[in-house]
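Step one of this worksheet: look at the structure below.
The values are calculated or read from the model by the stated rules, or taken from the named source; none is laboratory data. As the structure is a computational prediction, the values presented were derived from the model and not from experiment. Cβ atoms come from the backbone with ideal geometry, glycine included; neighbour counts cover every protein chain shown. Just the protein is used for accessible areas: all its heavy atoms, side chains included, with ligands, DNA and RNA removed. Shrake-Rupley method; radii C 1.70, N 1.55, O 1.52, S 1.80 Å.
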Amino acid sequence: MLAYAGPMATGCFVSTGRSLLDAIERVKLAESLGYESAYVTHVAGRESLTVVTAYALATNQIRVGPGVVPIYTRTPATMAQTAATIDELSDGRLTLGIGVSHRPVVEGWHGQTIDKPAAEMREYASIVRAILRGEEPPGGEKWQTGFRLTGIEPRPQLPIYIAALSPAMLRLAGEIADGVLLLAVQPAVHPRCRRPRSDQGP
């Protein structure tokens, strides 16, 4: 998984492996080495947002985030509420990575359906973004909510990254997200991630 974190910034993925405590130490090491961000995948082991919270509480500067939480595993209201809480705990260091995931995960594990991936991602991200900004959530076809944050300040600056592989999802990420998470793609071979040569300008 590749995380694009902006010019000259390097992120890493830190799996929990066999030991959560060892993983936390690896994130602390990444912070000491100057990494900009540390992500954890959302699989069938430890719950990713709980792990991200542990990473955040053990560090001071490195950004943390899931890479990525499938949108069909939580309502937009629950996702926004959880993200706002972790962002507060981390002093504004959360990057929320969300993705459509795959049918075996969404349907086999969680009993949900993927019907219109790009449209549902647009709807989901828009609702989460509105809640984090303290705004009225827009209406949707798959998700409807009147949820508003109460007792916690809105988090309008919290970045949302979208996992993308298809051209449609890449376009959507470029349109509505703050960043994109790519799977099994090296910067040197993906044209959108190549850094320009010095003779090409900025």
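Assessment of the stretch 29-48 against the conditions (among the hydrophobic types (A, V, I, L, M, F, W, C), open to solvent by 10 Å² or more (accessible area, probe 1.4 Å) and either touching a helix residue (DSSP H, G or I) at 6+ places or on another chain (Cβ under 6 Å) or modelled with pLDDT of 95 or more (or both)) yields at least one matching residue. Residues in the stretch 6-28 that are open to solvent by 30 Å² or more (accessible area, probe 1.4 Å) and at positive phi: 8, 17. Scanning the stretch 104-121 for residues that are farther than 24 Å from residue 170 by Cβ and open to solvent by 80 Å² or more (accessible area, probe 1.4 Å) yields one hit, 109. What do you reckon, is residue 198 modelled with pLDDT under 95, surrounded by 10 or more Cβ atoms within 10 Å (Cβ to Cβ) and not basic (Lys, Arg)? Taking the combined requirement at face value, the residue does not satisfy it.
Selection within the stretch 50-60: residues that are aliphatic (A, V, I, L, M) and touching a Leu at 6+ places or on another chain (Cβ under 9 Å). The member of this set that is surrounded by the fewest Cβ atoms within 10 Å (Cβ to Cβ) is 57. Just give me the residues in the stretch 12-50 being touching a Cys at 6+ places or on another chain (Cβ under 8 Å) and under 22 Å from residue 98 (Cα atoms), in sequence order. Within the stretch 12-50, 35, 37, 38, 39 meet the criteria. Does at least one position in the stretch 61-72 carry a residue that is in contact (Cβ under 8 Å) with a residue 24 or more places away in the chain and surrounded by fewer than 15 Cβ atoms within 10 Å (Cβ to Cβ)? Taking every residue of the stretch 61-72 in turn, at least one turns out to be in contact (Cβ under 8 Å) with a residue 24 or more places away in the chain and surrounded by fewer than 15 Cβ atoms within 10 Å (Cβ to Cβ). Residues of the stretch 139-162 that are open to solvent by less than 60 Å² (accessible area, probe 1.4 Å) and either at pLDDT below 95 or at positive phi (or both): 140, 143. Counting only residues that are of a type in the set (A, V, I, L, M) and over 16 Å from residue 73 (Cα atoms), the stretch 91-146 holds 6 of them.
If you go through the stretch 84-103 and pick out every residue that is open to solvent by 10 Å² or more (accessible area, probe 1.4 Å), more than 17 Å from residue 125 (Cα to Cα) and among the hydroxyl-bearing types (Ser, Thr, Tyr), you end up with 1. Could you please tell me which pairs satisfy a Cβ distance under 8 Å, a separation of 6+ or placement on different chains, a first residue in the stretch 31-59 that is farther than 15 Å from residue 95 by Cα, and a second residue that is aromatic (Phe, Trp, Tyr) and open to solvent by 30 Å² or more (accessible area, probe 1.4 Å)? Within 8 Å, the pairs are 44/109. Filtering the stretch 170-195 down to residues that are modelled with pLDDT of 90 or more and in a loop (DSSP other than H, G, I, E, B), which residue is most open to solvent (accessible area, probe 1.4 Å)? Among those residues, the one meeting the criterion is 178.
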